[in-house]
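Below is one structure; the comments refer to it alone.
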Amino acid sequence: MHLRYEAYWGGFHIADFALSIVDSDTSFEHRFHLESRGLTRYFSNLSAVAVSKGRIIQPPSSVMSAGPISNAAADMTQAETYIAETYRTEYTNKRHFRWVEIDFGQPGSAANAVTGTSPIAGREDRWNPKDKGPEVLDRVEPEFRIGVNDPITLVPQIMAIVRAHMAGGPKTGVAKGFDGRRRFDMNITYLGTAKRTILEVVHDTYRVRIKPNPVAGFKKRHKTLWNNAAYDFYLSRDGNFTPLQIVPVDHGPVLTMVKVCDQECEIKAEED
């Protein structure tokens, strides 16, 4: 699944990004590429790429089998479990190049993250030498770094939880995330089916509310923002559960899928 999105906030085009979800029965590779646009580009010049790799544990086939599902069987219905192994993100802005790398270790152990930075050619005068790396990121206590996934892998994990609900599982679930600096939970609630007009086309969708819960490593002002950052995901009802649009409940950018690609969607940076 290779998807391209546009992000708008208050009517302004602020970013383009590509998401690739490449899953086999037992493993995955997920990729993300973002380029800021418009005024966001002018003020931040932000570009970001990320890749995550890991394993997939499939639920027992007897649990996910077709046919009438009793209440007891519904309680047993499970989603695929994504287990991240490695994650690396790289981004540039007006000042510097930075990277964050996470090693999730063996199941039951705490994920560990390191970061580093360097100046960008032609922008050396903007670089803060105090940002030299690599630096170990240990703001989040070890107990909060166990059983977590990287930010990209949370998307297919959310899709899997909804897919399991369609097979008789519960309407709610939790996906645990860690981005190297912060630990957070994504509380997932299935809200039902919905007709959704996207780019002048009416789609049959599943509507799913994602409410983030900051757990550890957050600055006070960031924690306040995350507590009020719920989003509704509109997933396709064609069997693929594709995220067609992601809409803020209160405020924030609207993310709309604009293209399905045969391979990783190309996103070009704008000239500085």
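The values are calculated or read from the model by the stated rules, or taken from the named source; none is laboratory data. Model, not experiment: these values are computed from the prediction. Ideal geometry is used to build each Cβ from the backbone, glycine not excepted, and the neighbour counts take in all protein chains shown.
When the residues of the stretch 145-179 are narrowed to those that are assigned to a strand (DSSP E or B) and among the small types (Gly, Ala, Ser), which ends up farthest from ILE83 (Cα to Cα)?
That would be GLY173.
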Checklist entry - In this structure, does LYS259 turn out to be among the basic types (Lys, Arg), out of contact with any helix residue (DSSP H, G or I) (no Cβ under 9 Å at 6 or more places or on another chain), in a loop (DSSP other than H, G, I, E, B) and in contact (Cβ under 8 Å) with a residue 40 or more places away in the chain? => result no
Item to check | Identity of the residue in the stretch 87-114, without any contact (Cβ under 8 Å) to a residue 24 or more places away in the chain and over 30 Å from TYR42 (Cα atoms), that ends up farthest from the chain's Cα centre (by Cα) | outcome: GLN106
Checklist entry - Residues of the stretch 166-190 being more than 17 Å from ALA229 (Cβ to Cβ) and either β-branched (Val, Ile, Thr) or free of Cβ contacts under 8 Å to residues at least 60 places away in the same chain (or both), which ones? => result MET166, LYS171, THR172, TYR190
Checklist entry - Taking only pairs six or more apart or across chains, which ones have beta-carbon atoms under 6 Å, a first residue in the stretch 212-228 that is under 15 Å from GLY252 (Cα atoms) and at pLDDT 65 or above, and a second residue that is of a type in the set (Asp, Glu) and surrounded by fewer than 13 Cβ atoms within 10 Å (Cβ to Cβ)? => result ASN228/ASP250
